[in-house]
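Only the coordinates and a few stated rules stand behind these numbers; no lab work does. On a predicted model such as this, the values are computed, not experimentally measured, just so you know. Cβ placement follows ideal geometry from the backbone for every residue including glycine, while neighbour counts extend to all protein chains displayed.
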Amino acid sequence: MTTLAATLSSQENKSLASIAANLDVEMKNPITSVQIEALVVMKIIKHSRESLSGTATGQLLGMDVDDTLNISSAYPAPPASTESPEEIAQYHTDMMQCLREVNVDNNTVGCYQSAHFNTIMDAATIDTMYNYQKNLKKAVMLVYDLSRATRGQLSLRAYRLTPEFMEVYAKGKFTTQTFTLTGLSHKNLLEELPVVIHNSSMLKVLMQEFSEPSPIVDPLGHLESSLLSAQSTAAPSHLDSINTQALELSLDPAMEKNLESILDGLEKYNTHRHQYQYWQRGYAREQQKIQQYVHRRRMENAQRVAAGQTPLAEETEEQVEAKFNLPKEPSRLAHALATGKVDNYCKELSQYSGPTLSKMFAVRELQK
């Protein structure tokens, strides 16, 4: 999945750090909600629909007010596959200068990204979120779900990395011991913030105008009356009032894609599980060798003391382990991300498979 991770070069990190000087970098008032302008939502939707073959990414602009992050503008980022990191960094710099000249908010407050089934549990996206939150403490990532958009639903969610995961990610040690001590799992790597869409007063008036039926203007003076009389004399059709969409038995295409995603996620999950089991077997063999070595050394020291000789110097645990080829534990972060993906796919499937399965069971009972 192509994300903004490839675009965060050292030049961008410096620009993000300079912007952070104007924000509440000490997190005295942690954000608890996100308010986004309706125009920004339309920009994200338009960019996501135009980038169906890939992942749409872009920058979010605005500022934080107390515990609310206000997003007032946004602009798309060029695909990382078509531009070099230096060119993309220069693009963001030029865009910020242009926005500043036209008096538009040019404070970066995060990024947005399109996704299917609201899935962002991958290493590149996590790295992007970490880089943003490292430089901008109140940065968020907005995720626009394309799969729900095909069903006529607007799904726009705001995510942040949890403070506990930020500390672990900064150290770069994703071991079983670290995850156990910190209590991290796929369920608490991210935190979701409520999103509120704000409409301006002029937009509210425009929406009210659209919601009210407009009168028919007839320059000839008789067209309106003739149409109304024709409608009143026409007999209503009973079949036109019946909604047959609920009786369709076709499987939702999104559900088929969701099932394919679950199979791919389970395959990756099993791959990480086999790697961890292979490491456990190798680590157990080396630990057995270490125990045998320590036992032989203690026996040798006991014999030397009994013979009146000087015992061998005691070795620390690190010195003993350095003499053996202990395998390195695979990253538990990849396993947690794979688990989170499968869990999210299953939640989406259980939410939308209910109506389809109900119709299938009903048809089976009718055929008996």
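Okay, here's what the table says:
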| read-out | value |
| --- | --- |
| 5 angstrom amide H check on A77, placed H, neighbours 5+ away | T57, G58, Q59 |
| Fewest-first ranking of C111, C346, using other Cβ atoms within 10 Å as the exposure measure | C346, C111 |
| Approximate spin-label separation V104-Q287, in nm, with each point projected 7 Å along Cα-to-Cβ | 5.8 nm |
| Efficiency of FRET between M42 and F210 - r from beta-carbon atoms, R0 22 angstrom, step 0.05 | 0.90 |
| The stretch 253-366: equivalent-ellipsoid semi-axes (sqrt of 5 x gyration tensor eigenvalues, Cα, Å) | 58, 13, 9 |
| Computed FRET value (nearest 0.05) for A302 with Q280, which takes r as the C-beta separation and R₀ as 25 Å | 0.15 |
| Cβ-derived FRET efficiency at R0 51 Å, Q153 paired with V320, nearest 0.05 | 0.30 |
